[in-house]
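Following: one structure in structure tokens, then a few remarks.
The values are calculated or read from the model by the stated rules, or taken from the named source; none is laboratory data. Computed from a predicted structure; not experimentally measured. Cβ: placed from backbone, ideal geometry, glycine included. Neighbour counts: every protein chain shown. Surface accessibility is based on the protein's heavy atoms, side chains included, excluding ligands, DNA and RNA. Shrake-Rupley method; radii C 1.70, N 1.55, O 1.52, S 1.80 Å.
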Amino acid sequence: MEQELMLRRAVRDHLLARQRAAREREQATWRAAELAAAAARSLREEAAAALVPVVEERESVLPLTTPGAAEQTREIPAVVGRAPVAAY
């Protein structure tokens, strides 16, 4: 009876050790996959940035060129975003 109990404990301990080893391998595999995915994203972003030409924004020399910056006067109300229409 005692031998059977020792054998059961040995089997249980062996299975537990195999389960822990499998879990550690799985976690290492997930970490490697996440690292590879992050590297792929970084390379994709870098490639996309290399294909898009760099456009430098310059400060305009013309006044009131930004939308919504039109100044309203008492004589003529400002209309932003529409072309002037001739009155007949």
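Is it the case that R18 is at pLDDT 95 or above, more than 21 Å from the chain's Cα centre (by Cα), charged (D, E, K, R) and surrounded by 10 or more Cβ atoms within 10 Å (Cβ to Cβ)?
Working: at pLDDT 95 or above: yes; more than 21 Å from the chain's Cα centre (by Cα): yes; charged (D, E, K, R): yes; surrounded by 10 or more Cβ atoms within 10 Å (Cβ to Cβ): yes.
Spelling it out, R18 is indeed at pLDDT 95 or above, more than 21 Å from the chain's Cα centre (by Cα), charged (D, E, K, R) and surrounded by 10 or more Cβ atoms within 10 Å (Cβ to Cβ).
The set of residues from region 1-15 being open to solvent by 100 Å² or more (accessible area, probe 1.4 Å) and either part of a helix (DSSP H, G or I) or at pLDDT 95 or above (or both) comprises E2, Q3, M6, L7, R8, R9, R12, H14.
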